[in-house]
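A short worksheet on the structure shown next.
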Amino acid sequence: PIIIEDDRTGLDTETIRRALRDNLLYIQGKLPELASKNDLYMALAYTIRDRLLQRWLTTQQTYLKKDVRTVCYLSAEFLVGPHLANNLINLGIYEQVQKAVSESGLKLEELIAQEEEPGLGNGGLGRLAACYLDSLSTLEIPAIGYGIRYEFGIFDQEIHDGWQVEITDKWLQYGNPWEIARPESSVEVKFGGYTESYTDENGNYRSRWIPDYVVKGIPYDTPILGYRVNTANTMRLWKSEACESFDFGRFNRGDYYGAVDNKVHSENISKVLYPNDEPIQGKELRLEQQYFFVSCSLQDLIRIHLYENPSLDNFHQKWSVQLNDTHPSVGVAELMRLLIDVHHFDWDKAWFITQNTFAYTNHTLLPEALEKWPLSIFGRLFPRLMEIIYEINYRFLDKIRIIYPHDDGKMSRLSIIDESGEKYVRMAHLACVGSQAINGVAALHTELLKKDVLRDFYELFPEKFSNKTNGVTPRRWMVSSNPRLTFAITEKIGENWIKHLEDLRGLENYVDDGGFRDSWRRIKYDIKADLANYIDKKVGIKVDPSTLFDVQVKRIHEYKRQHLNVLHIVTLYHRLKNNPNLDITPRTFIFGGKAAPGYFMAKLIIKLINSVAEVIDNDPTIGGRLKVVFLPDYNVTFGQRVYPAADLSEQISTAGKEASGTGNMKFSMNGSLTIGTLDGANIEIREEVGAENFFLFGLTTEEVYAKKAAGYNPQEYYYHNEELRAVLDLIGSGFFSRGDSSLFRPLVDNLIYNDPYMLLADYQSYIDCQEGVGWAYKDQEHWSRLAILNVARMGKFSSDRSIREYCEEIWRIQPVKIELPD
Ligand code: 26R
């Protein structure tokens, strides 16, 4: 007999089949014979969500009962990717569900492909937050991820005539089965207005904030299940709404449009993700977004805390709040405000709690990407926070004055307020002063933070600084995206590596096994053939799976140097034109990535890639030895397809510019070799896999600095390197732009006369290194050895390792086992 409970929780094929039918009928309201593929996907998603709910509720109940210490990850972005396949894998019911679904005449893979991914992030930072949520649950750490439920995530990218066109991402249009709205837990957030002082009933002198308007935040919760554990943590995203849908005062005065203004503005706050990983100067709405989700989250924490504790005195003992870059750093001032104005703490006690609650991760070295907000905007939107920040700064600088007497330079460099011209609030300074720990995301990055960007803070409190090298989750980036490789590995070394990635070392025993290398190559070939089919379907280009797949997927940025990759392609093309019988290793160059809509040069790079692709494709003398493909709309879903299919991973940023990179790790874990500079986590990847298994080129960070200091002149390279000059001239001449010599002029001139990212200085070294890659690939046995060794030595780059380090050294949080009731 099947009891009702089983239909919601049972994991065997028969129960799942029943549940699917049930959800289709009673949730989707569809008869099986009329159901669309999406109806079936939804029915399956609800079936799986039911199975998560029991674990989720038990997890939350356990946390409450045990009064645990919890980490709270504040992030403006969570780029989680599709949920269905990962939940199946983590629950351990992929096979049962596959069977249940196929009995209804369907393919599970097709239903999985139906899911629209939530694109609630730009790139690295947002995706890292998602990997960390996965690891937190898998390691059974009590955690909440707080962010914004953008109605429109990162835009969808189309390519028209070689140019990027942005399309609104309507990810919610068919509903989101993974979230649960909790309107009963809404909170209110103030904006604008003024502050006043008053004396309370006990004669205490206090401040209060009389806002201009108040916005309501409604939480939407999504369960994040760990791998083969019962822990399901919560990702809580806030949606903004107006407090009253109409302003009745205005409405009654006949001002109908004025009355809806407030509603429209309130709802705009969580409307859309800013698609920049570039500074967005003075966009008020972006600052409102940041404060909105941070205030909602801190109020939520306080409410949960007071539910379990008599006061907030021990707040910092129960919560560790991680600031994912400076985007949520206004939280430092907001927690002070809540403690002082609302909960009547005195300054010193509030400051002690605040400083011991927060920790700050920096994700970028680009000076232009360091957030600062004009005082004029900040003070108008948050008058009370402005007062608090002034007070924090005043007390902070008072201490500095004693440590560094008569050093005005020091004072103005450290100040939270930038007073060198127009006044700004420096968000990184607020984060540094208000946190107990500060970290970078790769060894080199942390060193550069200490030496350069945050040098004065490092001198002041060296004990706060540490490195936490990024990692990625092997559940999504190997098990889910690369089942064939997963099977091959597991067949040899068992499945422990999925939770203990260092165990991949065991693969080293098989590098000399010719049979293993053979099947390794066959698997890679099959995956490449799948991708080739997909490429043909998507963009109508035929690519040959036996060619070297050379892949660069990431946001388009000058510092990431996609155009250096193009210079290599044009160099090969130019050589083949001059010497049609030249023996080169046939390659397929695959690009993917979005450009910020306002970033002209990045958009021009996309156009250049597409233009070069077209010319090469239409040149019969090339005979398929070179192919260039730009795949539109790079996202998590496509990443899962492309990393497993790559032979070569392009990690070619100017040394000292890429904080860490995480794509570099995903490629390498899937058996692709890296060509890269000594930048970000590349350095540590090379250290792990061994210098002989990594294609290194380019200037080091020190050399980059030295060259800049000595007055870098790209023209010298242009004039002294004949091949380089020929390549740049070919692009500049209009050869790839139907004779239009003006189209790529800005790009070419920028390289010859300016070259801020030193492509020309690294050009020859890159070309030579690529030649080595080509030769190495010709020896397939040798290449397979290197690929296997790469995978075997990637243990360090699991996000489980990163999260363990955060837990031990910053959060001081321990796992809590979740037992399901029987
Ligand atoms: C201030 C502002 C508009 C802004 C600047 C930069 C907004 C967003 C960004 C993107 C940054 C923070 C980002 O994504 N950085 C990336 O973080 C990854 C995870 O740590 C790193 O791997 C990657 O090197 C880094 O560029």
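Pairs linking a residue in region 93-112 that is touching a residue at least 12 places away in the same chain (Cβ under 8 Å) to a residue that is in a loop (DSSP other than H, G, I, E, B) and surrounded by fewer than 20 Cβ atoms within 10 Å (Cβ to Cβ), with Cβ atoms under 7 Å and 6 or more positions apart or on different chains, are Ile93/Leu11; Gln96/Leu11; Gln96/Asp12.
Based on this model, can you work out whether His327 counts as in contact (Cβ under 8 Å) with a residue 60 or more places away in the chain, within 28 Å of Asn202 (Cβ to Cβ) and not in a helix (DSSP H, G or I)? The answer is no for His327.
Just one residue in the set Ser415, Ser420, Ser435 is among the hydroxyl-bearing types (Ser, Thr, Tyr) and over 22 Å from Leu323 (Cβ atoms); that residue is Ser420.
Meeting the requirement of 3 or more residues that are away from the ligand (no atom under 13 Å from the Cβ) and touching a residue at least 40 places away in the same chain (Cβ under 8 Å), the helices (runs of 4 or more DSSP H) wholly within region 645-725 are 663-669, 701-709, 714-720. Sub-8 Å Cβ pairs linking a first residue in region 349-377 that is in a helix (DSSP H, G or I) to a second residue that is aliphatic (A, V, I, L, M) and within 15 Å of the ligand (Cβ to nearest atom), at least 6 apart or interchain, are Pro367/Val453; Leu375/Val425; Ile377/Leu287, ordered by first then second residue. Of the candidates Pro545, Pro632, the single residue that is over 27 Å from Glu116 (Cβ atoms), away from the ligand (no atom under 16 Å from the Cβ) and either modelled with pLDDT of 95 or more or in contact with a Phe, Trp or Tyr (Cβ under 8 Å, 6 or more places away or on another chain) (or both) is Pro545. Cβ-Cβ distances below 8 Å connect the following pairs, each with a first residue in region 273-285 that is part of a helix (DSSP H, G or I), a second residue that is modelled with pLDDT of 95 or more and surrounded by 19 or more Cβ atoms within 10 Å (Cβ to Cβ), and a separation of six or more residues or different chains: Glu284/Leu381; Leu285/Ile269.
Identify, by number, the condition in (1) buried (at least 24 other Cβ atoms within 10 Å of the Cβ); (2) in a loop (DSSP other than H, G, I, E, B); (3) away from the ligand (no atom under 16 Å from the Cβ) that Phe345 doesn't meet. (1) is the only condition that Phe345 fails.
The rows are residues; the columns are (1) among the hydroxyl-bearing types (Ser, Thr, Tyr); (2) at pLDDT 95 or above; (3) closer than 24 Å to Gln651 by Cβ; (4) touching a helix residue (DSSP H, G or I) at 6+ places or on another chain (Cβ under 7 Å).
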{"site": "Asn482", "(1), (2), (3), (4)": "no, yes, yes, yes"}
{"site": "Leu485", "(1), (2), (3), (4)": "no, yes, yes, yes"}
{"site": "Arg517", "(1), (2), (3), (4)": "no, yes, no, yes"}
{"site": "Arg521", "(1), (2), (3), (4)": "no, yes, yes, yes"}
{"site": "Ala532", "(1), (2), (3), (4)": "no, yes, yes, no"}
{"site": "Lys537", "(1), (2), (3), (4)": "no, yes, no, no"}
{"site": "His557", "(1), (2), (3), (4)": "no, yes, yes, yes"}
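Of the strands (runs of 3 or more DSSP E) lying entirely inside region 188-243, those carrying at least 3 residues that are of a type in the set (A, V, I, L, M) and surrounded by 18 or more Cβ atoms within 10 Å (Cβ to Cβ) are 213-225, 232-242. Counting only helices (runs of 4 or more DSSP H) that sit completely within region 1-87, those holding 3 or more residues that are of a type in the set (D, E, K, R) and more than 30 Å from Lys239 (Cα to Cα) correspond to 4-9, 13-26. Taken together, the residues in region 727-745 that are touching a residue at least 40 places away in the same chain (Cβ under 8 Å) and either of a type in the set (Val, Ile, Thr) or exposed (fewer than 15 other Cβ atoms within 10 Å of the Cβ) (or both) amount to 2.
Just wondering, is there one or more residues in region 398-419 that are more than 22 Å from Ile523 (Cα to Cα) and touching a Gly at 6+ places or on another chain (Cβ under 9 Å)? Within region 398-419, not a single residue is more than 22 Å from Ile523 (Cα to Cα) and touching a Gly at 6+ places or on another chain (Cβ under 9 Å). Taking region 112-153 as the range and being surrounded by fewer than 24 Cβ atoms within 10 Å (Cβ to Cβ), touching an Asp or Glu at 6+ places or on another chain (Cβ under 8 Å) and of a type in the set (Gly, Ala, Ser) as the test, only Gly123 passes. Do we find that Leu25 is touching a residue at least 24 places away in the same chain (Cβ under 8 Å) and either out of contact with any Leu (no Cβ under 8 Å at 6 or more places or on another chain) or among the aliphatic types (A, V, I, L, M) (or both) in this structure? For Leu25, the condition - touching a residue at least 24 places away in the same chain (Cβ under 8 Å) and either out of contact with any Leu (no Cβ under 8 Å at 6 or more places or on another chain) or among the aliphatic types (A, V, I, L, M) (or both) - is not met.
Name the residue, out of Ser329, Ser311, that is farther than 19 Å from Gly123 by Cβ and within 14 Å of the ligand (Cβ to nearest atom). Result of the check over Ser329, Ser311: Ser329.
Being part of a loop (DSSP other than H, G, I, E, B), crowded, with 24+ Cβ neighbours inside 10 Å and over 21 Å from the mean Cα position of the chain (by Cα) is the requirement here; does Gly624 meet it? In short, no.
Screening Ala130 on (1) away from the ligand (no atom under 16 Å from the Cβ); (2) touching a Gly at 6+ places or on another chain (Cβ under 8 Å); (3) among the hydrophobic types (A, V, I, L, M, F, W, C) shows it passes everything except condition (1).
The values are calculated or read from the model by the stated rules, or taken from the named source; none is laboratory data. In this text the structure is predicted, and so the values were computed from the model without any measurement. Every residue, glycine among them, receives a Cβ derived from its backbone with ideal geometry; neighbour counts consider all protein chains shown.
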